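Below is one structure, written out as structure tokens; the observations come after it.
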Amino acid sequence: MLGVWFRALTQDYLDVELRVASNISARIIERPGVWMSPDAAASVVADLRAIAGAAVPGGTLDYGVLTGSQERLERTVLTVLYERPTNRPVAFNALAVMDLTLHGRDAEVVHLGLVMVDPSLRSHGLSWVLYGLTCLVLFVRRQLRPLWLSNVTQVPAIVGMVSETFSDVFPAPGPQAHRSFEHLVLAREIMRHHRKVFGVGEDAGFDEERFVITNAYTGGSDNLKKAFDVAPKHRDAAYNEFCRQQLDYDRGDDVLQLCRLDLGAAQRFVLKDIPRRSLPAVAATLAIVSLNRLVLPVIHWLSADRPWGILRPAVSSKPVEPS
């Protein structure tokens, strides 16, 4: 464990572990395809496939990080949950980092991605880990700069969770949901260049007024298609009715939600969603991430006699005379 914390403090990409329940630990791994050895990356992918096999028995998922593609592993932030003390993988979330353009500048959107949970761990109150914790860590890692997020789903429970957790969410039920110019531009780019991230085929349509992807389950995610009656519902009936009205479940529609994680959303998540027993572990993780991004650069800057990245210490051309 000490070695994991040391890596979190010194390396460029996240690899941290924390206990999120009495019998569950979470490991957050950023872009494993960039820095992990092939054997270590293959071991992580094997854990993900084991979870997928338990969550979708007899089915196959042929997209995203489950393919083991090097390209996917280089653009993915993983959250993998393990049951203690057996270290059995029981759930994961694979966030995909998408490069887009907004207002003529490069922008990143983090797709909330594929979530799989072993049936034995469902309804155990771990959704805050799979959907919010890693986003919060990335937000702190970005020095609290607002982070654009996307979500593609037909599950009312997830639509409601995203709507209640993040800021500037569109689409969502209620008059507060507003489609801005930024929402529209990002949605168009996502549908034009990044369909493979969430397993949507080229033959799927997109309704720009409602942000609904029509006939969405033809690009590798076929086994995730659900009927409305079996799709997990939200405790607030408004989200269930919203999905029932907006989506054709027989055809296989999805809603594309765009939102932001800002300081207000982060505060709501910490105060509302994180269990009190898990706050110390989360706070310690955020402190390490903050130290890496906020404090270490200052220390490195003040150490002018040591190299740092492409920067090199100045070397005097004049020889130093002995005293």
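Only the coordinates and a few stated rules stand behind these numbers; no lab work does. This is a predicted model, so every value here is computed, not measured. Every residue, glycine as well, gets a Cβ built from its backbone with ideal geometry; the counts of neighbours run over all protein chains shown.
Below, the figures for the structure above:
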| read-out | value |
| --- | --- |
| Compactness relative to 2.2 N^0.38 Å, alpha carbon Rg of segment 145-198 | 1.16 |
| FRET efficiency, THR101 to ASN223 (Cβ-Cβ, R0 30 Å, nearest 0.05) | 0.35 |
| Ascending count of other beta-carbon atoms within 10 Å, so fewest first, for PHE206, PHE228 | PHE228, PHE206 |
| Extension gain from ARG122 to VAL185, taking 0.36 nm per residue of separation minus the Cα-Cα distance | 19.1 nm |
| Sites SER290 and VAL56 - FRET efficiency at Förster radius 35 Å, r taken between beta-carbons, to 0.05 | 0.40 |
| Footprinting exposure proxy for LEU48, LEU112 (fewest neighbouring C-beta atoms within 10 Å first) | LEU48, LEU112 |
| Kirkwood estimate for segment 65-196, i.e. one over the average of 1/r between Cα atoms, Å | 16.2 |
| Dipole moment magnitude, nearest 20 debye, segment 150-261 about Cα centre, only Lys, Arg, Asp, Glu C-beta charged | 220 |
| Ratio of Rg to Rh over segment 150-261 (Cα coordinates, Kirkwood Rh, two decimals) | 0.93 |
| Sorted by Cβ density within 10 Å, fewest first, the residues SER167, SER127 | SER167, SER127 |
| Cα-only radius of gyration and Dmax that characterise segment 21-80, units Å | 12.0, 35 |
| Pairwise label distance in nanometres, ALA237 with ASN87, each label 7 Å out on the Cα-Cβ vector | 4.9 |
| Alpha-carbon radius of gyration plus Dmax, which is the widest Cα pair, for segment 116-159 in Å | 12.9, 37 |
